[in-house]
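Below is one structure, written out as structure tokens; the observations come after it.
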């Protein structure tokens, strides 16, 4: 069953990557504001969408 | 303010490819569905037999239909959310054409019978390398775009795409370790139970990180956009993401319950599967709650209708999955059509409808017009929903009925039903399922026509202008001081601390494996395959026998009675790749060796219905005609030796003599049974392999 060690190493390295990514994102202030990101994507209306809305 | 242009052309290319491969992949699916009801549709030639087309269907739908859709959606969303053009037009181009090449080359090799024999990872080693390269191109393009962004905050969809990229890269590499013995064929690096574990760790996570996480990325963008209201809870979406990626990766062993995999690994898989319910349902509800107050729009808008059904199917599949991971449920459901129904709820409902909703949203915007016909899109929604129901309900029914029949005993303690009776009982349901798939396929055609007309009436905007402030000109967000902020500001401390956290988790998992010397007890009577059996095994893999036959008898009374002694881990140590299978459309074959005479196998392969009237197995007349290709046998033996299979040194030089000897003796036995054949045909090797299966422990 030595392959379990391979899988654990692989899984743990991915988990470690995500842990660091999480730490970075929390540190970077990615999650400080949980209100505006949800709204912001709605405001990037491009020219096309505006023309559709008018029509 | 900086002015820049979004690249719509690459989104268009991937979008069109999605539709094209969707139609192709689903058509193959419809064909193989009807093959199970009407075996004549196998047409008696190798290239259209079920065993070869089933991998074409799964690979086309997963990697071509869903894959292209993910790339289209990700490239559309990345640019808009990050306020920048994609990192490199050249890389986008390489990514697109490279991926299409892999699909075409892959389909051709699968039809030709070049397969690794591991489900959803069937493509052979040159393609595995190509996939890795193109995946790296995708990664560079994505991370380059992220680095060039004009929006500091990474929207949750971006996180889902990052998670997808990292995990799929690792899964693909670990599962694709193999030793080539020709320019196109190889043997899996792992054997038996180890190969099975790696494969289902991959297989499960391919569902998680190729079919689920990127679609949640799409969901978190397109549901708010289509409903024109923000996601119900952004905070929830963050929890959804981190919880999902940390839990998903450990659930793989639930595909191997009651098999020769160690008990503790099976238990681990079950526990994490149950834990998955929470983030999955949190995500589904987050999407559905986004529509609160907008249900009047859902009544009319086909895009929202599809998104609602898509999310509902996600919820169904993610509660059903953990339930199927419970050992008592799995004992009943595994190897039946229940699993097939389960995955199609996900594929047709969750993935399929999300893709079509996305295309109905994207095409009018990029072509600067409105959807050609809303009525037609509504009709598409209706016909495809009926299609899903007609697909899933007969498959659930078939799964339940067949499993009940398998496990039914008479009062005197004998098995009530022959295996064949349990098959003929559900054949009508196979036919209805085919109709369901056909309806879904017709619905996809509605989409193709509707979107084509939309493109025709609009004008495509290849480079879409937008403007935003550069990141350097934006003020830094003010930091709140949390208790952990002090640690985070010192990178070395942070690194040490995170290593400690990971190491604790690692030790907890690793210690038991070190303590138990080996979880695979070797059985002294289990010996390597003879050269002829090895070639026969390669034919077994080539024809995709594993798509319908398992080689893993679970320790249940009915299975032991029907098939023989339950399978032990030590019996598979020379199996590169393992061939346990995941579905019993036909009976288990692990103890088929010695059960019938050689002549039975010969006649049965030539025409299964002659021996078993009502059987739905395709005929394999070409095995009787084709000469056995033996020239690369020494290369195969050497590859096996490299993998640790104990053939004597120099055996590759004399293996052909052994092969001839064994082949001639089988041909002689067949001749004695009034069957005209010679020892140099493929069927001889296959019979040798089948007669060897599961016999070593009886010695």
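The values are calculated or read from the model by the stated rules, or taken from the named source; none is laboratory data. As the structure is a computational prediction, the values presented were derived from the model and not from experiment. Quick reminder, even Gly has a Cβ in these numbers, built from the backbone with ideal geometry, and neighbours come from all protein chains shown.
Yes/no matrix, rows are residues, columns are (1) more than 14 Å from every other protein chain (Cβ to nearest Cβ); (2) part of a helix (DSSP H, G or I); (3) farther than 25 Å from residue B:160 by Cα; (4) in contact (Cβ under 8 Å) with a residue 12 or more places away in the chain:
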{"position": "B:196", "(1), (2), (3), (4)": "no, yes, yes, yes"}
{"position": "B:218", "(1), (2), (3), (4)": "no, yes, no, yes"}
{"position": "B:260", "(1), (2), (3), (4)": "no, no, yes, yes"}
{"position": "B:274", "(1), (2), (3), (4)": "yes, yes, no, yes"}
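For the condition within 14 Å of another protein chain (Cβ to nearest Cβ) and within 25 Å of residue B:583 (Cα to Cα), residue B:121 does not qualify.
Here are B:505, B:458, B:436, B:544: which of them is surrounded by 15 or more Cβ atoms within 10 Å (Cβ to Cβ) and either at pLDDT below 90 or out of contact with any helix residue (DSSP H, G or I) (no Cβ under 9 Å at 6 or more places or on another chain) (or both)? Outline the logic, then answer.
On the way: B:458 fails: either at pLDDT below 90 or out of contact with any helix residue (DSSP H, G or I) (no Cβ under 9 Å at 6 or more places or on another chain) (or both); B:436 fails: either at pLDDT below 90 or out of contact with any helix residue (DSSP H, G or I) (no Cβ under 9 Å at 6 or more places or on another chain) (or both); B:544 fails: either at pLDDT below 90 or out of contact with any helix residue (DSSP H, G or I) (no Cβ under 9 Å at 6 or more places or on another chain) (or both).
Sole residue among the options that is surrounded by 15 or more Cβ atoms within 10 Å (Cβ to Cβ) and either at pLDDT below 90 or out of contact with any helix residue (DSSP H, G or I) (no Cβ under 9 Å at 6 or more places or on another chain) (or both): B:505.
Scanning the range B:224-240 finds no residues that are surrounded by 21 or more Cβ atoms within 10 Å (Cβ to Cβ), closer than 23 Å to residue B:198 by Cβ and in contact (Cβ under 8 Å) with a residue 24 or more places away in the chain.
Scan the range B:51-59 and give yes if some residue there is assigned by TED's automatic domain parsing to the domain that holds residue B:355, within 23 Å of residue B:222 (Cα to Cα) and surrounded by 22 or more Cβ atoms within 10 Å (Cβ to Cβ), otherwise no.
Looking for residues that are assigned by TED's automatic domain parsing to the domain that holds residue B:355, within 23 Å of residue B:222 (Cα to Cα) and surrounded by 22 or more Cβ atoms within 10 Å (Cβ to Cβ), one finds none in the range B:51-59, hence no.
A quick yes/no check of all residues on (1) over 28 Å from residue B:371 (Cβ atoms); (2) free of Cβ contacts under 8 Å to residues at least 24 places away in the same chain; (3) away from chain A (no Cβ under 14 Å):
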| residue | (1), (2), (3) |
| --- | --- |
| B:416 | yes, yes, yes |
| B:439 | no, no, yes |
| B:455 | no, no, no |
| B:459 | no, no, no |
| B:463 | no, no, no |
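You will find that of B:361, B:314, the residue that is closer than 18 Å to residue B:229 by Cβ, modelled with pLDDT of 95 or more and either in the same structural domain as residue B:256 (by TED's automatic domain parsing) or surrounded by fewer than 19 Cβ atoms within 10 Å (Cβ to Cβ) (or both) is B:361 and no other.
Conditions tested, residue by residue: (1) part of a helix (DSSP H, G or I); (2) over 30 Å from residue B:400 (Cβ atoms).
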| site | (1), (2) |
| --- | --- |
| B:341 | yes, no |
| B:351 | yes, no |
| B:359 | yes, yes |
| B:364 | yes, yes |
| B:370 | no, yes |
| B:375 | yes, yes |
| B:381 | yes, no |
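Just one residue in the set B:188, B:182, B:116 is touching a residue at least 60 places away in the same chain (Cβ under 8 Å) and within 14 Å of another protein chain (Cβ to nearest Cβ); that residue is B:188.
Let me confirm something: among B:353, B:409, B:381, which residue is out of contact with any strand residue (DSSP E or B) (no Cβ under 6 Å at 6 or more places or on another chain), under 27 Å from residue B:584 (Cα atoms) and touching a residue at least 12 places away in the same chain (Cβ under 8 Å)?
Values: B:353 fails: under 27 Å from residue B:584 (Cα atoms); B:381 fails: under 27 Å from residue B:584 (Cα atoms).
Just one listed residue meets the conditions, B:409.
Exactly one residue among A:41, A:5 is crowded, with 17+ Cβ neighbours inside 10 Å and either modelled with pLDDT under 80 or facing chain B (nearest Cβ under 7 Å) (or both), and that residue is A:41.
Looking at the structure I just gave you, is residue B:143 touching a helix residue (DSSP H, G or I) at 6+ places or on another chain (Cβ under 9 Å), modelled with pLDDT of 90 or more and buried (at least 23 other Cβ atoms within 10 Å of the Cβ)? Break it down stepwise before answering.
Details: touching a helix residue (DSSP H, G or I) at 6+ places or on another chain (Cβ under 9 Å): yes; modelled with pLDDT of 90 or more: yes; buried (at least 23 other Cβ atoms within 10 Å of the Cβ): no.
No.
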